[in-house]
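**Student:** Here you go, one structure.
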Amino acid sequence: MELVFAHQVGFEQLNNRRFNYFIAASGYENRCTYLVDNLVIEADRKIALAFDDKKDYLYRKKNDRRFADEKFEFIEEPASSKDNLIKLLNSICSYDHGSDKISFLIDYSCMSKIWYAAIINYFLSNELRLKNLEVYFSYTSAVFAEPLRPVKRILLKTPEVLMETSSGSGRPRALIIGLGYEKYLTSRLVEKLEYDRLFAFYSDPAFDSRYADRVVRNNRKILKKLPSSNIFKFPIEDLKETDSILTSLVMRLRLTHHVIILPVGPKPFTLSSLLLAARYPDIEVWNIDTTYSAPAYNRNPMGEPKVCKVLFSSEEEIFL
């Protein structure tokens, strides 16, 4: 299928409407159930992707009970895997809906990058008999919490590809890093990556000004090595402006470079990176494959969900 468009919409579009499928994540964060707790969302089928670990940690049992009360079915999956998710999508998309239009609501607030990247890749790589596939990606931001120390020191392995380029490139590499606020992407690790030019993006303004401060503080060695022209700030709450800033740089770079995006944080920037690569398949999106064990945070919900509406179609020309 082809990606026709992707743009930010008001969260009220989720309320009091019916989706064909609603997929959320059940983990240990308090914000996992924000949508079902605060909005009236109807769906023909509701699925909770349940992490296969930390089943007794923090709010996990509460979240499982809440999803069960809302008649969600559970599919267990490791954070680093997508096998069961792909089986789910196969079962959904092989079903004859009797319609050329279906809709998904994906709450990716607590999903691993592997999961929501797999969803986008699935729709792009499969020729589904649908003229109109609407996917609403919803993200609930979190109250600021001080970054915790990693459980163990990381060792960089070969980067994992979240979205692979359609063809190899002999061009020089331009690496764009979306910086997060946790102190584990060190300058030493960045030096081990293969690139010819390096650019950095970080959220400022952020959901909380303290987040931007920690990003700068914890990535200062990386930022100090870059000229100011290679550092970009984006407004995390404005998906349209974030897309515009990222797209403008990438369109210039891809004329002469093989562009790679490594989004460390936050999740909406990762989504923007994936959707940009979906439109331009010569762009590659990476994930850091490490022995790093992420610290376990509880994240409490804050503010209105940020919603991105994405339209896929097997007949793109009908929208031209």
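The values are calculated or read from the model by the stated rules, or taken from the named source; none is laboratory data. Predicted, not measured: the structure shown is a model, and the values here were computed from it. Cβ coordinates were reconstructed from backbone atoms using ideal geometry, including for glycine residues, and neighbour counts include every protein chain displayed.
**Student:** Identify, please: which residue in the stretch 13-65 is under 28 Å from ASN132 (Cα atoms) and among the basic types (Lys, Arg) and is, among those, surrounded by the fewest Cβ atoms within 10 Å (Cβ to Cβ)?
**Tutor:** Result: ARG18.
**Student:** Here is a follow-up. Quick one: in the stretch 131-143, which of the residues that are under 19 Å from the mean Cα position of the chain (by Cα) and in a loop (DSSP other than H, G, I, E, B) is farthest from LEU14 (Cα to Cα)?
**Tutor:** VAL143
**Student:** Are there any pairs with C-beta distances below 6 angstrom linking a residue in the stretch 8-35 that is touching a residue at least 24 places away in the same chain (Cβ under 8 Å) and in the same structural domain as TYR116 (by TED's automatic domain parsing) to a residue that is in a helix (DSSP H, G or I) and among the hydroxyl-bearing types (Ser, Thr, Tyr), with the two at least 6 apart or on different chains, and if so which?
**Tutor:** So the pair list comes out empty.
**Student:** Might you check whether a residue that is touching a residue at least 60 places away in the same chain (Cβ under 8 Å) and either in the same structural domain as ILE283 (by TED's automatic domain parsing) or crowded, with 19+ Cβ neighbours inside 10 Å (or both) occurs anywhere in the stretch 220-235?
**Tutor:** Looking for residues that are touching a residue at least 60 places away in the same chain (Cβ under 8 Å) and either in the same structural domain as ILE283 (by TED's automatic domain parsing) or crowded, with 19+ Cβ neighbours inside 10 Å (or both), one finds none in the stretch 220-235, hence no.
Per-residue answers, yes or no, for (1) within 16 Å of TRP286 (Cβ to Cβ); (2) polar (S, T, N, Q):
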residue: ARG197; (1), (2): yes, no
residue: PHE201; (1), (2): yes, no
residue: PHE207; (1), (2): no, no
residue: ASN218; (1), (2): no, yes
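**Student:** Name the helices (runs of 4 or more DSSP H) wholly within the stretch 172-237 that hold at least 2 residues that are within 26 Å of MET251 (Cα to Cα) and more than 23 Å from the chain's Cα centre (by Cα)?
**Tutor:** Passing ranges, in order: 187-192, 220-224.
**Student:** Further question on the same structure: Can you tell me which residue in the stretch 237-251 is surrounded by the fewest Cβ atoms within 10 Å (Cβ to Cβ), limited to those that are touching a residue at least 60 places away in the same chain (Cβ under 8 Å) and closer than 24 Å to ALA145 by Cα?
**Tutor:** ASP238
**Student:** I need a count of the residues in the stretch 199-217 that are farther than 22 Å from PRO301 by Cα and crowded, with 19+ Cβ neighbours inside 10 Å. Walk me through it before giving the result.
**Tutor:** In the first step, residues of the stretch 199-217 are kept if they are farther than 22 Å from PRO301 by Cα; the result is 199-201, 216-217.
Remaining after also requiring crowded, with 19+ Cβ neighbours inside 10 Å: 199-201.
Final tally of qualifying residues: 3.
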